[in-house]
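This report refers to the structure that appears directly beneath it.
Only the coordinates and a few stated rules stand behind these numbers; no lab work does. Note that this is a predicted model, so its numbers are computed, not measured. Methodologically, a virtual Cβ is constructed for each residue, glycine included, from the backbone with ideal geometry; neighbour enumeration extends over all protein chains shown.
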């Protein structure tokens with residue numbers, strides 16, 4: 001008898017909830033939803049490609065994936081845009097891997113390579129194991145291609161593509177498994193904007209490795225629901 005009573009009460013409760021939902025849908029209790037599109041004009045995304053060629057220019061291996069823009073990179077962007085004055089409360093102050101590190105008087109156009117396959121994390125501010133092997137040390141991108149955001153309603157995105165071709169002259173094979181974007185060719189004191197790992201690429205002596213980073217700003221939207 002107790003179980004039957006519980007079931008009956010549950011049934012009544014469900015019927016009441018169902019009725020309220022039907023009333024909402026039909027507008028009987030003043031519920032209204034309006035969808036509109038709002039643009040996120042500073043949303044940043046990235047992509048990285050690596051192409052390995054032998055001494056004759058033949059493609060041996062290819063990797064591509066989205067990259068992770070780090071907390072450090074995001075914080076440094078805000079610091080640049082809104083001028084953290086260094087008073088102690090800004091993004092450049094305090095301790096911890098999330099704060100903005102590195103000098104901000106140079107762009108993040110320095111490409112670095114590493115040998116660690118440790119998964120990327122938003123708190124990264126250095127590569128897992130950066131390589132300084134001859135010909136594979138960090139260097140400024142040699143090409144930059146810009147694309148302006150011109151679409152109506154900001155549905156397009158501004159984009160920069162940066163690339164650098166490294167040639168292994170170390171005399172041996174170096175297994176490259178990560179890359180990062182930095183704002184200085186000096187390791188000490190530099191700040192990392194983005195990082196990504198990929199399945200290891202064995203770069204033999206005299207092989208060349210082209211690394212291309214793509215960064216997009218904007219070009220996304222979300223749905224805003226208004227209730228009254």
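Of 190, 65, the sequence from fewest to most neighbouring Cβ atoms within 10 angstrom is 65, 190.
Shown for 182, 198: other C-beta atoms within 10 Å of each C-beta, ranked fewest to most, produce the order 198, 182. Taking 0.36 nm per residue of separation and subtracting the Cα-Cα distance, full extension of the segment from residue 202 to residue 169 would add 10.5 nm.
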